[in-house]
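This report concerns only the one structure given below.
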């Protein structure tokens, strides 16, 4: 099978590299610098194991990258659309930028080729494209990208959801997903498109629900971690439910689908209340760490606050839409002095230049009146906390998810403030 993968950032780079273990793959992107980097065996961002997988595909001549849609699409059985759909600060998707790049490629595909859409685009996209390009087949498969664990989640998926209009390309899709998914669930195209919106919104709902319960626990003496254990012991909820009290969801992925469904309701004159409230609740909870620091330290002007972890999540160097970066900006606006350490961040962009970026944890903590644990890098648990805490002015830790609970509980005098605990 000849597969063209269009859109080569996080989702696309992982998709192309993993597929090249089984098929002939051409990666297509219109960013020449990105394509040049990929052709040298370098992914455009940090993802464990991805550089090695790309290099292996290039060496085996099963993988190549180009900016030319004619080269990429010649002889393709399938074009897989894998752009990471951009979102603005209001979590609204920039759909047209993705579709514009897709339309540059589609005229170059052979008649009868399949276009598989995994980029996060609104329900109805396939139907719209089918009218524009009747010579092609369209299908939808919601992506399952997990930053920092992307290769494993792609290659060992529990299932693949695939929406198709007819059975004409069902065999081809079964062949595509067989190496990667334990099962392939077929449904109508619009249902598959809606699955992604609904799935992300349900996960977001679960997170906001337990965080609201957790904030009430802080006033009552209940412990939200214990409450979560009780909830997940209920068979109708289950042990894998997204019910861990802690920080807000960030990054835009979940919020994008909440906003998409909210706008879909608005466009169709359908009044809904639960889904729009998810984002409202999460936006409020995004200020939890800042409010905790204020409640403990009072006026933050001149106070030195240390931030541990800046990236959106572990095993990535992505700063965009990071809750840690947002906290830094709030602290700076309040007049605090901010020092930070993150093992994946060596330089900061100009708009974050007021943050003192330390080269090691101890330097970030020295003289601090509080520390906020944001990105949960495993090396933080290996640090000599007893020694470093002695260099702080106040041993106050704001740790929403209780990431360092085991490491800190034996150290006398530490104040460990977490979501859902009095």
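The values are calculated or read from the model by the stated rules, or taken from the named source; none is laboratory data. In this text, all values refer to a predicted model and were calculated from it rather than measured experimentally. Here Cβ is always computed from backbone atoms with ideal geometry, including for glycine, and neighbour counts include all displayed protein chains.
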>> Only one of 271, 240, 263 is part of a loop (DSSP other than H, G, I, E, B) and either under 30 Å from residue 343 (Cα atoms) or out of contact with any helix residue (DSSP H, G or I) (no Cβ under 9 Å at 6 or more places or on another chain) (or both). Can you tell me which?
In response: 240
>> One residue is enough: does segment 20-29 have a residue meeting the conditions in contact with a strand residue (DSSP E or B) (Cβ under 6 Å, 6 or more places away or on another chain) and without any contact (Cβ under 8 Å) to a residue 40 or more places away in the chain?
In response: yes
> So which of 75, 124, 100 is out of contact with any helix residue (DSSP H, G or I) (no Cβ under 9 Å at 6 or more places or on another chain), surrounded by fewer than 21 Cβ atoms within 10 Å (Cβ to Cβ) and at positive phi?
Replying inline: 75
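Does residue 216 satisfy being under 30 Å from residue 282 (Cα atoms), surrounded by fewer than 16 Cβ atoms within 10 Å (Cβ to Cβ) and either touching a residue at least 60 places away in the same chain (Cβ under 8 Å) or under 24 Å from the mean Cα position of the chain (by Cα) (or both)?
Values: under 30 Å from residue 282 (Cα atoms): yes; surrounded by fewer than 16 Cβ atoms within 10 Å (Cβ to Cβ): yes; either touching a residue at least 60 places away in the same chain (Cβ under 8 Å) or under 24 Å from the mean Cα position of the chain (by Cα) (or both): no.
Considered against the rule, which asks whether it is under 30 Å from residue 282 (Cα atoms), surrounded by fewer than 16 Cβ atoms within 10 Å (Cβ to Cβ) and either touching a residue at least 60 places away in the same chain (Cβ under 8 Å) or under 24 Å from the mean Cα position of the chain (by Cα) (or both), residue 216 comes out as no.
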>> Could you check segment 145-170 and list, in sequence order, the residues that are over 20 Å from residue 195 (Cα atoms), surrounded by 16 or more Cβ atoms within 10 Å (Cβ to Cβ) and either touching a strand residue (DSSP E or B) at 6+ places or on another chain (Cβ under 9 Å) or free of Cβ contacts under 8 Å to residues at least 40 places away in the same chain (or both)?
In response: 169
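Within segment 362-388, can you find the residues that are under 26 Å from the mean Cα position of the chain (by Cα) and either free of Cβ contacts under 8 Å to residues at least 24 places away in the same chain or more than 20 Å from residue 329 (Cα to Cα) (or both)?
Applying the first criterion (under 26 Å from the mean Cα position of the chain (by Cα)) to segment 362-388 yields 371-382.
Passing the criteria: 377, 378, 379, 380, 381, 382.
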>> Whether any residue in segment 390-404 is out of contact with any helix residue (DSSP H, G or I) (no Cβ under 9 Å at 6 or more places or on another chain) and assigned to a helix (DSSP H, G or I) is what I want to check.
In response: no
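On the basis of being touching a strand residue (DSSP E or B) at 6+ places or on another chain (Cβ under 9 Å), on the phi < 0 side of the Ramachandran plot and either assigned by TED's automatic domain parsing to the domain that holds residue 399 or assigned to a loop (DSSP other than H, G, I, E, B) (or both), does residue 344 make the cut?
Considered against the rule, which asks whether it is touching a strand residue (DSSP E or B) at 6+ places or on another chain (Cβ under 9 Å), on the phi < 0 side of the Ramachandran plot and either assigned by TED's automatic domain parsing to the domain that holds residue 399 or assigned to a loop (DSSP other than H, G, I, E, B) (or both), residue 344 comes out as no.
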> Applying the selection to segment 348-361, what residues are surrounded by 14 or more Cβ atoms within 10 Å (Cβ to Cβ), outside any loop (DSSP other than H, G, I, E, B) and either out of contact with any strand residue (DSSP E or B) (no Cβ under 7 Å at 6 or more places or on another chain) or touching a residue at least 40 places away in the same chain (Cβ under 8 Å) (or both)?
Replying inline: 352, 361
> What tally of residues in segment 244-262 results from selecting those that are without any contact (Cβ under 8 Å) to a residue 60 or more places away in the chain and surrounded by fewer than 22 Cβ atoms within 10 Å (Cβ to Cβ)?
Replying inline: 1
>> Of all residues being in contact with a helix residue (DSSP H, G or I) (Cβ under 9 Å, 6 or more places away or on another chain) and assigned to a helix (DSSP H, G or I) in segment 227-237, which is farthest from residue 285 (Cα to Cα)? Just the residue, please.
In response: 231
> Could you say which residue among 367, 420 is on the phi > 0 side of the Ramachandran plot, in a loop (DSSP other than H, G, I, E, B), at pLDDT 95 or above and touching a strand residue (DSSP E or B) at 6+ places or on another chain (Cβ under 6 Å)?
Replying inline: 367
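This table checks each residue for (1) free of Cβ contacts under 8 Å to residues at least 60 places away in the same chain; (2) closer than 19 Å to residue 400 by Cα.
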site	(1), (2)
272	yes, no
290	yes, yes
309	no, yes
318	no, no
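Where residues in segment 278-288 are without any contact (Cβ under 8 Å) to a residue 60 or more places away in the chain and assigned to a helix (DSSP H, G or I), which of them is farthest from residue 144 (Cα to Cα)? Steps first, answer last, please.
Step one: of segment 278-288, the residues without any contact (Cβ under 8 Å) to a residue 60 or more places away in the chain are 280, 283-284, 286-287.
From the residues that got through so far, the ones that are assigned to a helix (DSSP H, G or I) too are 280, 283-284.
Working: 280: 25, 283: 24, 284: 27 Å.
Applying the filter and picking the extreme gives 284.
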> How about segment 331-347: which of its residues are surrounded by 11 or more Cβ atoms within 10 Å (Cβ to Cβ), under 18 Å from residue 364 (Cα atoms) and more than 20 Å from the chain's Cα centre (by Cα)?
Replying inline: 331, 332, 335, 336, 337, 338, 339, 340, 341
